[in-house]
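Here the structure is laid out as structure tokens; the discussion comes afterwards.
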Amino acid sequence: MLSYQIIEVGLSLLSHSNLPQQFWEDVFLMATYIINRLPTPIFNKKYPYKIVYRHTTDYHFLRVFGCAY
């Protein structure tokens with residue numbers, strides 16, 4: 001199930017960023033990164049990252065995917 005979520009998020013990122021196919025690897029790594037930092041109903045709306053590392057995630061450095069700025 002999780003692999004389908006990674007594929008769906010990755011393809012969505014790739015579609016909206018208009019990046020060439022050479023960036024597919026980076027897109028799917030970013031999709032995995034984002035998914036691990038989103039709340040999930042499986043863990044009672046907790047973040048997988050927080051469960052493993054016991055501290056909250058910092059989102060200040062995230063930028064629009066595929067944006068040069």
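Quick look at the numbers
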quantity: Hits in the stretch 37-56 - residues which are loosely packed, with under 15 Cβ neighbours inside 10 Å and polar (S, T, N, Q); calculated: 44, 56
quantity: Output for the stretch 24-55, where each listed residue is outside any loop (DSSP other than H, G, I, E, B) and touching a residue at least 12 places away in the same chain (Cβ under 8 Å); calculated: 24, 27, 28, 30, 31, 32, 34, 35, 48, 49
quantity: Residue tally, condition part of a helix (DSSP H, G or I), loosely packed, with under 12 Cβ neighbours inside 10 Å and free of Cβ contacts under 8 Å to residues at least 24 places away in the same chain, over the stretch 9-23; calculated: 3
quantity: Output for the stretch 41-69, where each listed residue is among the polar types (S, T, N, Q) and under 13 Å from the mean Cα position of the chain (by Cα); calculated: 57
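Taken together, the values in this text are just the output of simple stated rules run on the coordinates, not laboratory data. Keep in mind it's a predicted model, so treat the numbers as computed, not measured. Heads up, the Cβs are rebuilt from the backbone with ideal geometry, glycines too, and the neighbour counts pull from every protein chain shown.
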